[in-house]
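Asks: Okay, here's the structure, questions in a sec.
Any read-out appearing in this document is the output of simple, stated calculations on the displayed coordinates, not a laboratory observation. If you're wondering where the values come from, they're calculated on a predicted model, not measured in any experiment. Backbone-built Cβ (ideal geometry, glycine too); neighbour counts: all protein chains shown.
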Amino acid sequence: MPNDTLPNHTPPDDKSPDCGPNCGGPRVRAIPPGEDRERLMCPDCGYIAYQNPLIVVGAVATWEDGRILLCRRAIEPRKGYWTLPAGYMEERESTREGAAREAWEEARARIDIDHLLAIYDIPRISQVQMIFRARLLSPDVEPGPESLEVGLFEWKDIPWAELAFPTVIWALREHHERLGRSDCAPALNPTPDALARWEKML
């Protein structure tokens, strides 16, 4: 939380705070008064540019026959690898709205969001990933600008060796283990035992 001894730059129109017109901008890393870690600060006015973890939202979206929607990435990182439709939340949208938007942007898929499947903490890259279960409203999908191709995959046909990120594997495994169940709490980062069990199943 910003220290109340620093200048208040909150403008009246409720936009994000910023430096004053004569400042050089946040460019020095220092520990602000009352805090215990370095922040990016403006040495001219004391404004702190807080850098917080980003939230990624996505979905394991399935058609009536159980096939799962996957997208082959057209952008880095991991261009050419398969992933779930997911991406960063936008301002002023809910997590469910964000997951539905990403499905449309990446696969032109319209989905009905079900319950939250998993919450994954990725401290190394300052991300929190929230993955929902969802139902496809139509099997008609096509690549959006960030996808080379999209497809609906039966479980046995998922290209495990070509999946883009560990969290994609985690979410798919959690989805499969919870088939027929809707009363489960959201999964968290898998334990070493779970990872070892899943490795044997591949």
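Asks: Quickly rank 28-35, 125-132 as a protection proxy: mean count of other C-beta atoms within 10 Å, highest first.
Replies: 125-132, 28-35
Asks: Next up: As a test of the formula, what do you get for the chain when each DSSP H run with n ≥ 4 contributes -39,500 (n - 2.57) and the sum is divided by the residue count, at 222 nm and rounded to the nearest 500 deg cm²/dmol?
Replies: On the way: 3 runs with 35 residues, N = 202.
Taken over the chain, the calculation gives -5500 deg cm²/dmol.
Asks: Please report the antiparallel percentage of DSSP beta bridges with both residues in the chain, rounded to the nearest 5.
Replies: Percentage antiparallel, nearest 5: 70.
Asks: Also: Where in region 123-202 are there GluC sites (Glu not before Pro) that are in a DSSP coil and have at most 14 other Cβ atoms within 10 angstrom of their Cβ?
Replies: Loop-located and lightly packed - 154.
Asks: Moving on to the next point. Taking only Cα atoms and a 10 Å spring cutoff, compute GNM fluctuations for the chain and point out the largest among 96, 73, 39.
Replies: 39
Asks: Given the options 167, 95, 191, state which has the largest fluctuation in a GNM of the chain using a 10 Å cut-off (strictly under) for Cα springs.
Replies: 191
Asks: Also: Between the alpha-carbon centers of region 21-65 and region 145-170, tell me the distance in whole angstrom.
Replies: 31
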